[in-house]
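Below: one structure, written as structure tokens.
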Amino acid sequence: KMNMNEWSMYLHVMGDAFGSALVVGNACVVKYWTDLGTHRFLVDPISSLVMVSIFFVQTVYIIRQTSTILIEAAPSKISATVDTVDALKAEIIKVLGVLNVHELHVWSLDTSTVVCAAHVVIQTDSTEHVNTIVDQIKQILHANNIHSSTIQSEIIPRCSDRCKTEGCVVQALKKNYSACADIVCEHSECISNSYCPIPSSPQRQ
């Protein structure tokens, strides 16, 4: 599969070759097909419009692809099984021990390289367990064509003493306006300027 540089070069070369062939063909029609009368002179503008239309469509595609990379947008389809960033987030949350995923960003460096960064809230008392979970997350990313990623873990201690009465609700998440477990600034303006989702009616406990 050609990358954009190769495809652009290919279009440029093919445009020159196709244009040269049309010039020769149009000249032959104008000179030798005299039976067509003055209508034979239309072959030149018609063939030119056809050639321009073909290459215009391809050029628009290249410009759209290039613009997506320049603005660091998420690819239109991350992998064969995961289409959107939300779908990727859902896959990560399925990992045992992961409570929340926020500030998940996926963007393209080129047509074949996709990069990911995310904050992952993990509930555990073991550093080794954190490493295991991060490895599992990276395996999910690798399976979805993301081979360069930065995972920031936000660790919350286990709440085994409250599991029976509260269903193991994470108090640190309940107390924050946002989904950030490691939030430092609790000012409303600070939180509103972050990438973390804010509940519609936040309640402090």
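The values are calculated or read from the model by the stated rules, or taken from the named source; none is laboratory data. What you see is a predicted model; the values in this text were computed from it and never measured. Because the Cβ atoms are built from the backbone with ideal geometry, glycine has one as well, and the counts that use them run over all protein chains shown. All accessible areas refer to the heavy atoms of the entire protein, side chains included, with ligands and DNA or RNA removed. Shrake-Rupley method; radii C 1.70, N 1.55, O 1.52, S 1.80 Å.
Results, tabulated for the structure shown:
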| quantity | calculated |
| --- | --- |
| Any chance Ile92 is assigned to a helix (DSSP H, G or I) and in contact (Cβ under 8 Å) with a residue 40 or more places away in the chain | yes |
| Residue match in region 22-45 (condition: over 30 Å from Ser153 (Cβ atoms) and under 25 Å from the mean Cα position of the chain (by Cα)) | no |
| Residue satisfying condition, being hydrophobic (A, V, I, L, M, F, W, C), modelled with pLDDT of 50 or more, touching a helix residue (DSSP H, G or I) at 6+ places or on another chain (Cβ under 8 Å) and in a strand (DSSP E or B), within set Ile140, Ile151 | Ile151 |
| Search result, residues across region 129-149 that are over 15 Å from the mean Cα position of the chain (by Cα) and hydroxyl-bearing (Ser, Thr, Tyr) | Thr132 |
| Residue selected from region 98-132 under the condition in contact with a helix residue (DSSP H, G or I) (Cβ under 9 Å, 6 or more places away or on another chain) and hydroxyl-bearing (Ser, Thr, Tyr), by the criterion most open to solvent (accessible area, probe 1.4 Å) | Thr111 |
| Tally, over region 46-78, of residues that are surrounded by fewer than 16 Cβ atoms within 10 Å (Cβ to Cβ) and more than 30 Å from Ala27 (Cβ to Cβ) | 13 |
| Ser76 within 30 Å of Ser149 (Cα to Cα), of a type outside the set (Asp, Glu), assigned to a helix (DSSP H, G or I) and within 15 Å of the chain's Cα centre (by Cα) | no |
| Given (1) of a type in the set (D, E, K, R); (2) closer than 30 Å to His142 by Cβ; (3) assigned to a helix (DSSP H, G or I), index of the condition Asp35 fails | (2) |
| Boolean, Ala87 is open to solvent by less than 80 Å² (accessible area, probe 1.4 Å) and either more than 30 Å from Val134 (Cα to Cα) or within 16 Å of the chain's Cα centre (by Cα) (or both) | yes |
| Residue count, region 34-45 (criterion: open to solvent by 60 Å² or more (accessible area, probe 1.4 Å) and either in contact (Cβ under 8 Å) with a residue 60 or more places away in the chain or farther than 17 Å from Ala21 by Cβ (or both)) | 7 |
| Residue within region 55-64 that is charged (D, E, K, R) and under 20 Å from the mean Cα position of the chain (by Cα) present | yes |
